[in-house]
Amino acid sequence: MEITLPMKNSDPVTLRPGKIIALGLNYLEHIRESDSVNVQNFTGEVPEEPVLFAKTPNVLIGPGEAIVLPALLDRYRFGEPRTDYEGELALIIRDRIKDVSEEEAMDHVLGFTCFNDVSQRNFQRRDKSGWFRGKSLDTFGPVGPVIVAPEDIGDPQNLRLRTRLNGRVVQEASTSQMIFPIPAIIAFVSANFTLEPGDIISTGTPSGVGPLADGDVVEVEIENIGILRNPVRAE
């Protein structure tokens, strides 16, 4: 799976990530809404180290493309089917790295972008293997609208993040509220896995996550990046 995004002050970049690594539980207020989210291993406890999970590359779609609620869900006859938006800041790795320090971490970032970590909650609750399937259904990773280089982003640890559902603000926070800051995230992930050029790390979502429905339009807006807008449709 690949996707091409414009890059501010540079040529477009085609992403072919081998890995999409995402963080759970990286904003305190999101942890406090664990009863609402109600999925495995999502408790009110603040984690001692970053909580990592994978999303597979088939999730990737670009700005304007549809998030598809799969017909597969109808087979399960969930009493309350729930697929959520999660607005996040993501970063793209520049080069091959392993076990980098926090001090060196930002030198290996190609750029930053918006990400929507779409999550199927019923699967997250029921699957004995955990979050994998609920995070990796087709179209469950909108990304864009552009990639902004580190020298153009300002302070990535002080960006306003908003998510809107049908024009209404449902998430609003600052990346300064992350429990684990970006250099610590990169250092931790690279200590566990070799990262390759184009790999994506998504840094977690603030509070306010909620369900998507057929016909919705969801927007993730991050200061100095722009607005990632995607319609939602039932398959």
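Bear in mind that the values in this text are calculations on the coordinates, not laboratory data. Predicted, not measured: the structure shown is a model, and the values here were computed from it. Every residue, glycine among them, receives a Cβ derived from its backbone with ideal geometry; neighbour counts consider all protein chains shown.
Please rank Tyr27, Tyr85, Tyr76, fewest neighbouring Cβ atoms within 10 Å first, as an exposure proxy. Numbers along the way, then the final one.
On the way: Tyr27 24, Tyr85 28, Tyr76 11.
The order, fewest Cβ neighbours first, is Tyr76, Tyr27, Tyr85.
Could you compute the longest span of the chain free of trypsin sites (Lys or Arg not before Pro) located in DSSP loops and having at most 12 other Cβ atoms within 10 Å, not counting the site residues? Before the final figure, lay out each step's value.
Values: sites that count: Arg32, Arg77, Arg96, Lys98, Lys128.
With trypsin sites (Lys or Arg not before Pro) excluded where exposed in loops, the chain gives 129-235 as its longest stretch.
Sort Val148, Val100 so the one with the fewest other Cβ atoms within 10 Å of its own Cβ comes first.
Details: Val148 22, Val100 18.
Fewest to most other Cβ atoms nearby, the residues stand as Val100, Val148.
Please give the net charge around Glu223, taking every other residue with its beta carbon less than 15 angstrom from that of Glu223, where Lys and Arg add +1 and Asp and Glu add -1. Don't skip to the answer; put the middle values down first.
On the way: positive: Lys8, Arg160, Arg162, Arg164; negative: Glu88, Asp152, Asp155, Glu172, Glu219, Glu221.
Overall, the nearby charge balance is -2.
Return the whole-Å distance between the Cα centroid of the range 112-144 and the Cα centroid of the range 153-198.
17
Among Gly62, Gly87, Gly154, which one moves the most in a GNM of the chain with springs linking Cα atoms closer than 10 Å?
Between Gly62, Gly87, Gly154, it is Gly154 that shows the largest mean-square fluctuation.
Quick check: the angle from helix 182-192's long axis to the longest principal axis of the chain, C-alpha only, nearest 10 degrees?
80
Once you charge only the Cβ atoms, +1 for Lys and Arg and -1 for Asp and Glu, what is the size of the charge dipole of the range 3-234 about its Cα centre, to the nearest 20 debye?
Numbers: 23 positive and 33 negative charges, 207 e Å.
I would put it at about 1000 debye.
Apply the a/c threshold of 1.5 to the C-alpha gyration tensor of the range 97-201 and tell me whether it is rounded, prolate or oblate.
Values: a/c = 1.89, a/b = 1.20, b/c = 1.57.
Oblate shape, in that a/c is at least 1.5 and b/c is the bigger or equal ratio.
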